[in-house]
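The next block holds one structure in the form of structure tokens; read it before the comments.
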Amino acid sequence: MAAINPANHGLRRLSRYLVLSVVAVVFLFPIVFMIVSSLKPDHQLLADTGSLRAFLPVGDISLDNYRAAFQRAPIGRFVFNSVLVTVITVSLSLLLCSLAAFAFTYLHWFGRGLLFSVVLATLIIPFETIAIPLLLIVSKLPWIGVEGVTYGWLDSYRVQIIPWIADALTVFLFVQYFKDLPRELIEAARVEGATWWQVYTRVVMPLSGPVIATAAILKTLKMYNEQYIWPLITVQSESYRPVMVGLQYFFQLQIAWGEVMAYLTLITVPVLAFYLALQRAFIASIASTGVKG
Amino acid sequence: MASKLTRSNRAGWAFALPGFGLIALFIIVPFFFAFGLSLTNQRLISPNPTAFVGLANYRDLLGLGVITLEPERDAGGQILRGADGTPDYPRVRNFTRNNPDHPRLDGMREWFRWQSGDTQKVVVAKDVVFMKALVNTFTFVLIVAPLQAGLALLLALLINQRLRGINVFRTIYFMPVVVSIVVVSLLWRFIYSGDNGLLNNILSVLSFGLFRPVDWLGNPSTALGAIIAMSIWQAVGFHMVIWLSGLQTISPTLYEAARIEGSSPWQTFRHVTWPGLRNTAVLILIVITMQAFAIFAQVDVMTNGGPRDATQTLVFQAVQRGYGKQDISGGSAISVILFLIVLSISLVQRWLTREKN
Amino acid sequence: MKLTLTLAGALALVSGVAQAQTEISMWYHGAGNEEEAAILKGAIEDFNASQSDWTVVMQSFPQIAYNDSVVAGALGGSLPDILDVDGPVMPNWAWSGYLQPLGLDEAQVAAFLPSTVGRWDGQIYSVGLWDAAVAMMTRKSTLEKYGIRIPTLDQPWTGDEFDEVLATLKASGDFDYPLDVGMAWTGEWYPYAFSPFLQSFGGDIVDRDGYQSADGVLNGDAGIAFGEWWQALFANDMTPGTGQDPASRDTGFLDGKYAITWNGNWTAATVLDAFGDDVLFLPAPDFGHGPKIGAGSWQFGIAATSEHPDGARAFIEHLMQDRYITAFSDTLGLVPATATAAAASKHYGPDGDMAVFYDLSEQQALIRPVSPGYVVMAKVFEKAVADIANGADVIDSLDAAADEIDADIQKNDGYGH
């Protein structure tokens, strides 16, 4: 074997970083544009859009846009609502969808094939096309609360949470992952007398770190970033509104672009933080499993 | 041994029911509701009574016809020609508007035409906008699905290296996904602007001023391409993450073995990586196809379906009709057609990628 | 000690009063617009303090999403007592049964600009405190520099003269575009701002005699003449097309990129700030059937499901006072609904810098078709003018639009006209 040439090795390393960095620039520039623009007064912001100045914090830099944005809309409230709805929905989704996926992958039961096909078929239905029928349904559904049985879920948190918990994509993610787990582990557990619930909690889920992280990220993005039409038509009180509806507060006849950018920057921070935190957990979970052969 | 895994009806239903029940109540039931609406003349809100109309909404969307246009001739039978020498043809509206000889063509509009000899064939459609939306949606899917899946895999391989600081790059590549598609579309409107847009200015600098500015979103020949490029840019990180989670389930010992046997990077990919990504590949292909068929927000924010229907898509049309024009039955009919299309495609996909054992 | 006791007593009294009041809920389209919200909140506080029967509680929605929220509210059965409604949309909501007649006397609205009173089926359904108006905004110095006649209300530019004006400005090479009609503002702006051009040519979106058909009106000779003129504007690069980014729309005129901008009075304050006395607000050109501008802005109505229409009406009557009309106009630059409020206002008084908009509203305003089908017509018209601007065949586009409008009217059994 040839001895490793350290200079050559360093060069290769450098070229790798070069490739990574060029790709990074392509992905980064609109986000830099957003953040930098949030610091500029409208007129300068718009004048800068055509040149590289759009990416540089130069000129009249201040936090005025942030101050104005907080004055225009209860941003804290919107972020709180979105985070609350997202956290509850995602947690329940991971639980119920992984349970269903477990049943679809490992258990043999009457109706399994049919039900799984039906679930997969629902992947195809774009939400926009069923929004009105769904609205008519939730406006009649019963609820048991402190004031007894009431009808109609409109204008609440539950209307933003419950219909979104189960979805085919999350089920499908788990199923595809479960298929790759070694069956011998499960069979061995069953032979030792474990119940299915025990197999699920003690064998399968501890090995599922990567897919849990992936599913959590994807679902979080859906809940936090894409909830617009639904809360718009089901929620009337400002106190329940999520961040995407709040964005519309900034689109007046004359759009305050600087404030828009400030708002966008603010609402993006929680998701980014979540992704960073999860990525760390995600990598740790991989280091500890290494299950596949 | 095998019996442990064969029958477990009670456990199966108990595990699947909570998730399935929610999907049934909040997706399947509303969809059947929408299907029912598509067979009526229901408006979003109207004081008029609802009536069952059968497949009328579908006929209004799918109706097609062909007209053969003979060139105009003068009294002597000579073909009349315009200044540039091409024959003059009667206008299509002579056939499709109040013409008792062609009742079937009434209200149809030209979709496209072609020349055959001296005559022209014109395909007319009851709903040209729908037809264009159909073609655009397919174009979008056919370009986006392979390109985005491939690029996402490349990126996943790129960031699956053991390098110091790789997490920073991982985060950066994922960033566009973290920003909502609505927001991304807004930002890219600035970049694509024809007046003083960033893209035009960059291309102009790179070509030393030779490049002539393009109104990317305002030009029928570039608008769909512009939306496709942006959509891939925005979503590729999403699929990169899925590829990555697949890559990371492949045991390092396999790579170790390949290295010891002295296989090239391509051989390693071909014989170790790719077989290990099988289930992930199926997942990604299906997910991208579904998402691409549902394209809506980009069009809504950036082009409104224009210019001249160059970016109409099925979901955009369904929303435009169902809400904007209050024609909920017509909008629902589009949804049902979309569902049937994607269902047949995914059945084919599943058959092609079925496990052969 | 004594002080705290008194305070507690006063609080008890206040809350006791509040208990006896019935709550009146109200939806409003102005979320995110702080100045507007402040005036409305003030008016609500005044009202709640002025009597002991009702308490008005307001819920604001972002304007872009407001109509969808109301339609969803009607579907889900959760409409409030008072709604505000955009003028041209009102007939749809009245016909669909979300609104009930206001129950106001004619005498109460006699002083209001006709375009601020919403009527359907012979009854008053809504009333507005202001109107909006559109003008050709430009600078006196620009017109003088190129020797262009300054038009007046009585003598607006003719269509040919307007084309010459644009050609002159274009030829100067000093501007990116001589005109900006605002193609970046998709949605209701298109029918609101562009259908008056069509009407000045002698066409219309729909035949207003019975509102049963657009055929021959939208795609007749006048419509085609409008379409060809409109297409030429874009083909000759006289105005930015549908690819215009919203930022250029907001700042292009201020930056000197556009010589003339077709814009609403709500931007007048910004323009005046930038150019002061040099600003001109000019009437629309006359293409043969008189200069026309759109009319009809936000108005207040009472939901059909309201259990307290008398309370809702009492509040709307309270709002109709001149002092609120003046306040809205002073803060937002809107055209006041009554002459007396205009006289008292900052911008529309005898020497007000926007007074011309009041005259425009009074003399040239034509409200959009008063039909429940307008919501559909607006979308169809929007698409037709966008397609024509992008080079689609004029006659085919107008035919298609007329057909679609007619088919929709038929499907809705004539919309109750």
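Before moving on, here are some points about what is shown:
Residue-by-condition table, conditions (1) surrounded by fewer than 24 Cβ atoms within 10 Å (Cβ to Cβ); (2) more than 21 Å from the chain's Cα centre (by Cα); (3) under 26 Å from residue C:173 (Cα atoms):
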| residue | (1), (2), (3) |
| --- | --- |
| C:193 | yes, no, no |
| C:210 | yes, yes, no |
| C:215 | yes, yes, no |
| C:228 | yes, yes, yes |
| C:231 | yes, yes, yes |
| C:236 | yes, yes, yes |
| C:239 | yes, yes, yes |
| C:254 | yes, yes, yes |
| C:258 | no, yes, yes |
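- Note on region A:102-174: enclosed helices (runs of 4 or more DSSP H) holding 1 or more residues that are in the same structural domain as residue A:195 (by TED's automatic domain parsing) and touching a strand residue (DSSP E or B) at 6+ places or on another chain (Cβ under 9 Å) are A:158-161.
- Considering region B:294-316, the residues that are open to solvent by less than 10 Å² (accessible area, probe 1.4 Å) and within 7 Å of another protein chain (Cβ to nearest Cβ) include one that is farthest from residue A:171 (Cα to Cα), namely B:307.
- Elements of type helices (runs of 4 or more DSSP H) contained in region B:254-333, each with 1 or more residues being under 20 Å from residue B:189 (Cβ atoms): B:297-302, B:314-319
- Listed by first and then second residue, the pairs linking a residue in region C:145-166 that is at pLDDT below 95 to a residue that is open to solvent by 50 Å² or more (accessible area, probe 1.4 Å), with Cβ atoms under 7 Å apart and 6 or more places separating them unless they lie on different chains, are C:153/C:359; C:153/C:363.
- Scope region C:213-246; condition in a loop (DSSP other than H, G, I, E, B) and in contact with a helix residue (DSSP H, G or I) (Cβ under 6 Å, 6 or more places away or on another chain); matching residues: C:213, C:214, C:215, C:218, C:219, C:238, C:239, C:241, C:242, C:245
- The residue that is nearest to the chain's Cα centre (by Cα), among those in region A:187-207 that are facing chain B (nearest Cβ under 8 Å) and in contact (Cβ under 8 Å) with a residue 40 or more places away in the chain, is A:200.
- Given (1) more than 24 Å from the chain's Cα centre (by Cα); (2) facing chain A (nearest Cβ under 8 Å); (3) open to solvent by 20 Å² or more (accessible area, probe 1.4 Å), number of the condition residue B:182 does not satisfy: (1)
- Residue tally, condition of a type outside the set (Gly, Ala, Ser) and either part of a loop (DSSP other than H, G, I, E, B) or within 11 Å of chain C (Cβ to nearest Cβ) (or both), over region B:199-226: 12
This table checks each residue for (1) within 30 Å of residue C:63 (Cβ to Cβ); (2) part of a loop (DSSP other than H, G, I, E, B).
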{"site": "A:187", "(1), (2)": "no, no"}
{"site": "A:198", "(1), (2)": "no, no"}
{"site": "A:203", "(1), (2)": "no, no"}
{"site": "A:216", "(1), (2)": "no, no"}
{"site": "A:221", "(1), (2)": "yes, no"}
{"site": "A:224", "(1), (2)": "yes, no"}
{"site": "A:227", "(1), (2)": "yes, yes"}
{"site": "A:230", "(1), (2)": "yes, no"}
{"site": "A:233", "(1), (2)": "yes, no"}
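- Contact map, region B:239-252: residues that are free of Cβ contacts under 8 Å to residues at least 24 places away in the same chain and assigned by TED's automatic domain parsing to the domain that holds residue B:274 paired with residues that are surrounded by fewer than 23 Cβ atoms within 10 Å (Cβ to Cβ) and β-branched (Val, Ile, Thr), Cβ distance under 8 Å, separation 6+ or inter-chain. Pairs shown: B:251/A:291.
- The listed residue being in contact with an Asp or Glu (Cβ under 6 Å, 6 or more places away or on another chain), more than 7 Å from every other protein chain (Cβ to nearest Cβ) and over 30 Å from residue A:102 (Cα atoms), out of B:77, B:82: B:82
- Counted residues, region C:35-81 - those being open to solvent by 30 Å² or more (accessible area, probe 1.4 Å), closer than 28 Å to residue B:47 by Cα and of a type in the set (D, E, K, R): 1
- When the test is whether a residue is open to solvent by less than 40 Å² (accessible area, probe 1.4 Å), in contact with a Lys or Arg (Cβ under 6 Å, 6 or more places away or on another chain), within 14 Å of chain B (Cβ to nearest Cβ) and more than 30 Å from residue C:414 (Cβ to Cβ), residue C:278 does not pass it.
- Residue list for region A:140-176, restricted to those being buried (at least 21 other Cβ atoms within 10 Å of the Cβ) and among the hydroxyl-bearing types (Ser, Thr, Tyr): A:170
- Tabulated pairs, region B:34-54, first in a loop (DSSP other than H, G, I, E, B), second of a type in the set (Lys, Arg) and open to solvent by less than 30 Å² (accessible area, probe 1.4 Å), C-beta under 9 angstrom, 6+ apart or interchain: B:44/B:325; B:50/B:43
- Against the numbered list (1) exposed (fewer than 12 other Cβ atoms within 10 Å of the Cβ); (2) over 31 Å from the mean Cα position of the chain (by Cα); (3) at pLDDT 85 or above, residue B:83 comes up short only at (3).
The values are calculated or read from the model by the stated rules, or taken from the named source; none is laboratory data. Since this is a predicted model, take the numbers as computed values, not measurements. When we count neighbours, we look across all protein chains shown, and the Cβ atoms used for this are built from the backbone with ideal geometry, even at glycine. Note: areas computed on protein heavy atoms with side chains; ligands, DNA, RNA excluded. Shrake-Rupley method; radii C 1.70, N 1.55, O 1.52, S 1.80 Å.
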